[in-house]
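The values are calculated or read from the model by the stated rules, or taken from the named source; none is laboratory data. Please read these numbers as outputs of a predicted model, since none were measured by experiment. So basically every Cβ, Gly included, is an ideal-geometry build from the backbone, and we count neighbours across all protein chains shown. Accessible surface is based on the protein model in full, side chains and every heavy atom, while ligands, DNA and RNA are left aside. Shrake-Rupley method; radii C 1.70, N 1.55, O 1.52, S 1.80 Å.
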Amino acid sequence: MKTQRVAKISEFSDLRPIFVNLNGTSVGIYKFREKYYAYANQCPHQAGPACEGIVIGNTEAELLGEGRVREFVSKENMNIVCPWHGVEFDLTTGVCRADPRYQLRSYEVVVNAYEVFVRG
């Protein structure tokens with residue numbers, strides 16, 4: 001299994017991926033709330049560059065009672081949106097929000113005191 005250096009911790013900003021080539025595969029590495037996530041930059045829907053899309057909050061709803069619903073965009077649950085067809089994937093799991101049969105291929109992220117690495 002190959003380990004590839006990605007970047008210094010200080011080079012990451014929340015929700016903006018840094019890309020590396022790992023064994024011929026483009027991999028996007030994200031930082032969100034001091035945790036790191038890595039996914040192949042290929043959408044399982046139609047092979048689009050999933051990690052090149054935007055990251056947005058998940059649209060959620062809260063039942064208030066008496067038939068009232070409050071819809072809002074979450075700041076806790078974020079989605080990677082494939083730029084080809086808008087397919088959304090949970091940033092922390094890679095699972096497709098609309099169809100859990102689809103999932104981004106994930107990679108292990110290793111963080112030391114100063115740097116981030118991806119293993120695959």
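Assign one of three labels to segment 33-120, namely rounded, prolate or oblate, based on the Cα gyration tensor with a ≥ b ≥ c the square roots of its eigenvalues; rounded applies when a/c is under 1.5, prolate when it is not and a/b is larger than b/c, and oblate otherwise.
Details: a/c = 2.74, a/b = 1.56, b/c = 1.76.
In terms of gyration-tensor shape, oblate.
Averaged per residue, the chain has 60 square angstrom of accessible surface, using a 1.4 angstrom probe with ligands and nucleic acids left out.
Here the label points at residue 1 and residue 75, each 7 Å from Cα along the C-beta direction, are separated by 3.6 nm in the simple model.
Quantify, in whole percent, the carbon and sulfur part of the accessible surface of the chain (1.4 Å probe; protein heavy atoms only). Solvent-exposed carbon and sulfur of the chain make up 48 percent of the total. Here residue 81 sits with roughly 20 square angstrom of accessible surface, probe radius 1.4 Å.
Within a Cβ distance under 12 Å of residue 63, other residues only, what is the Lys/Arg minus Asp/Glu net charge? So the environment of residue 63 carries a net charge of -2.
Computed packing ranks the peptides 39-48, 7-16, 94-103 as 39-48, 94-103, 7-16, most packed first, by mean other Cβ atoms within 10 Å.
For residue 8, a cut-off of 18 angstrom between C-alpha atoms picks up these lysines, skipping any fewer than 8 places away in its own chain: 31, 35.
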